[in-house]
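Student: Before I ask anything, here is the structure I am working with.
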Amino acid sequence: MAVEHEDGQAKSNGQPAIDNQEAARRVERLPGVHLQLKVGNQLFLRLLCVDQRYEGKVVGVEPYAYSIVQVRLPQDTLARLGHNPGVVAQLNAGGTLFGFRTEVVNRVSTPAPLLFLSHPDSVERLVLRRTERVDVTLPGSIHGHFGDYDVVLLDLAPTGCSFAARSNLKSPLRAAQPGERMVLRCDLGCGQPLMAPLMLRRVEEQKGRITMGGQFVDMTEESEQLLHGYVQRMQTLLS
């Protein structure tokens with residue numbers, strides 16, 4: 001939230017960058033060097049000048065100095081940024097939520113709408129995963145409005161998974177966005193096929209590869225039992 005000054009500018013009222021009362025005790029405050037932004041990361045930005053939330057994509061990083069985020073903003077919002085450049089940003093990186101306060105130090109409109117954000121002095125970290133994930137290398141496929149794609153599962157848990165696929169400039173998969181639903185199919189070995197609906201939570205693209213993370217939703221009881229059994233066996237073998 002923001003507190004308005006008499007001159008119309010907004011000022012932080014001291015609330016945390018990760019506003020989650022139930023998880024407050026699990027939030028860690030760390031020095032800003034722990035924030036490792038990468039090109040392709042999706043950032044959720046709350047601009048204090050209008051107290052509205054926007055989604056952007058990291059397209060450039062100067063380590064520990066600034067990051068460049070591509071995000072389209074209304075003209076009236078851009079005008080207000082000059083009076084109050086404060087931003088609260090959040091990054092969901094593989095089951096860990098990072099929240100931090102930053103400022104817009106510069107912006108350009110051509111050749112693309114870009115915001116230059118200062119590197120934060122501190123960052124708040126919250127682990128979202130409720131269960132231990134196991135690293136895997138399993139072939140599979142996903143199906144959504146973009147079609148069918150072969151993928152490789154990178155990790156797996158009863159609550160979700162992450163996977164990677166090859167991409168190029170013409171891949172319809174590049175249009176997939178967090179919040180979309182898709183279906184994952186894979187073989188857990190010994191003739192145990194798994195078909196699980198999931199909701200996409202994060203999308204990262206780098207050097208011809210798209211990495212996605214998703215949360216399982218509306219799974220059948222049989223699929224849940226199959227997945228729980230597989231993860232437990234893998235944890236036992238790897239512990």
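Laboratory data are not the source of any read-out in this text; all were calculated from the coordinates shown. It should be emphasised that the depicted structure is a prediction, and the values quoted were computed from it without experimental measurement. Reconstructed Cβ throughout: ideal geometry from the backbone, glycine too, with neighbour counts over all protein chains shown.
Student: Of (1) 17.0, 57; (2) 19.9, 68; (3) 20.1, 63, which one was derived for Rg and Dmax of the Cα atoms in Å from the structure shown?
Tutor: Derived directly from the coordinates: (2).
Student: Shifting gears a bit: Got a sec? Charge dipole of the chain, +1 on Cβ for Lys and Arg, -1 for Asp and Glu; which of GLY160, LEU37, LEU188 is way out at the positive end?
Tutor: LEU37
Student: Something else about it: Using the alpha-carbon atoms, what tilt in degrees (0 to 90, nearest 10) does helix 221-238 show relative to the longest principal axis of the chain?
Tutor: Tilt relative to the chain: about 90 degrees.
Student: Work out the length of the dipole vector of the chain about its Cα centre, built from +1 on the beta-carbon of each Lys and Arg and -1 on the beta-carbon of each Asp and Glu, and round it to the nearest 20 debye.
Tutor: Roughly 460 debye, rounded to the nearest 20.
Student: Shifting gears a bit: If you add up the charges near LEU73, with Lys and Arg at +1 and Asp and Glu at -1, over every other residue whose beta carbon is less than 13 angstrom from its beta carbon, what do you get?
Tutor: Surrounding charge for LEU73 is +3.
Student: Amide H to amide H under 5 Å from TYR54: which residues, 5+ apart in sequence or cross-chain, H placed 1.01 Å off N in plane?
Tutor: LEU45, ARG46, LEU47
Student: Could you please state, rounded to a whole Å, how far the C-alpha centre of region 30-48 is from the C-alpha centre of region 73-107?
Tutor: Region 30-48 and region 73-107 have Cα centres separated by 9 Å.
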